[in-house]
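Below is one structure, written out as structure tokens; the observations come after it.
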Amino acid sequence: MSTPEVRDLRELVVPLDGRDASLRAIPVAARLSKRLGMSIRLCSVGADATDWLQTVADEHLAGHEVAVDVIPDGDPVDGIVKLAGERGIVCMATAASIGLHDGRIGSVAEGVVRLVGRPVVLAGPSMEGRDLSPTARIVCPVDGSHTSEAALATAGSLAKRFDVPLWVVTVISPKAESAARAGLGGDPSMYEAGYVRSLARTQADKHGIDGEYDVLHGDDAAAAIVDFAGDDGTVVMSTHGRSGIRRVFGGSVAMGVVAHSQRAVVVWRPEED
């Protein structure tokens, strides 16, 4: 499934669950609203949530175009996806943990990423209490699979809208690097550099942006990505990947990035692997 261009999206849908942790998404949505010219729609489950949502809007989003919506009791994921419709992008907090949850923001976020059909902006727990600095670059990790590369279009589009460079990166573990050296008879970093350089140049030409690239090294792919992005890089990535000499960007790596990133992470799950 293809995803709409960022310029075609019109509204930020921000699900809240009544707890302070869910409010992490509010400053992210506020910045995106101003930067991308989108309105904001706050939503929550339960008929008695309207007044609380309006209070949140009044206290935290003064000056923004804000609507509030109550999702009927039932499956919150289904309600959020329906509110997003064809022109909304979901921006929400998540616990960013792996496995089964208690039905709150961790599991709901995973369900939305799985079903909404476009990128989702996730604010993980490491953002708690941090002041948001402007995005200075977009970082898109890839691993050689079509699935991981599906995030490139969104990454390039965001880099254009934010007027910042796009960095395309890949991660090699020491074990994979040793195996590749033995099999290829050369430096695998050179092959990887050629791969990400080509992708970066393609996006640069397509969007009229600066396209940069790098090959990262480490046993922990998520940690390497978070460290590279730092406090001024916004990561845009897919949630799946395939094995090979490159690292697999599976759900655990994506959630690891979300869990430890100091910034919100844009996560995209393509329909087809």
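The values are calculated or read from the model by the stated rules, or taken from the named source; none is laboratory data. Fair warning: this is a prediction, and the values are worked out from it, not measured in the lab. Cβ: placed from backbone, ideal geometry, glycine included. Neighbour counts: every protein chain shown. Each accessible area value is taken on the protein alone, full model and side chains, heavy atoms only, with ligands, DNA and RNA left out. Shrake-Rupley method; radii C 1.70, N 1.55, O 1.52, S 1.80 Å.
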- Item | Evaluation of Val77 against (1) in contact with a helix residue (DSSP H, G or I) (Cβ under 7 Å, 6 or more places away or on another chain); (2) modelled with pLDDT of 95 or more; (3) within 18 Å of Arg19 (Cα to Cα) (one fails), failing number | (2)
- Residue in the stretch 192-208 that is modelled with pLDDT of 95 or more and assigned to a loop (DSSP other than H, G, I, E, B) present: yes
- Would you confirm whether any residue within the stretch 47-65 is surrounded by fewer than 19 Cβ atoms within 10 Å (Cβ to Cβ) and either within 18 Å of the chain's Cα centre (by Cα) or aromatic (Phe, Trp, Tyr) (or both)? yes
- Tally, over the stretch 203-212, of residues that are surrounded by fewer than 21 Cβ atoms within 10 Å (Cβ to Cβ) and either aromatic (Phe, Trp, Tyr) or under 12 Å from Trp167 (Cα atoms) (or both): 3
- Item | the stretch 125-151 - residue that is at pLDDT 90 or above and part of a loop (DSSP other than H, G, I, E, B) and, of those, nearest to Arg197 (Cα to Cα) | Val142
- Query: Does at least one position in the stretch 82-102 carry a residue that is modelled with pLDDT of 90 or more, open to solvent by 20 Å² or more (accessible area, probe 1.4 Å) and of a type in the set (Gly, Ala, Ser)?
  - Reply: no
- Note on the structure: When every residue in the stretch 229-262 that is open to solvent by less than 10 Å² (accessible area, probe 1.4 Å) and part of a helix (DSSP H, G or I) is compared, the one modelled with the lowest pLDDT is Ala254
- Residue satisfying all of: in the stretch 9-33; under 26 Å from Ala150 (Cα atoms) and open to solvent by 50 Å² or more (accessible area, probe 1.4 Å); modelled with the highest pLDDT among these: Arg31
- Item | Answer residue from the stretch 50-98, given it is in a helix (DSSP H, G or I) and either in contact with an Asp or Glu (Cβ under 7 Å, 6 or more places away or on another chain) or polar (S, T, N, Q) (or both) and is nearest to Ala123 (Cα to Cα) among those | Leu83
- Among the residues of the stretch 143-172, write down those that are polar (S, T, N, Q) and under 16 Å from Ile225 (Cα atoms). Ser148, Thr170
- Message: Based on this model, can you work out whether Ala180 counts as over 25 Å from Pro270 (Cα atoms) and at pLDDT 90 or above?
- Response: no
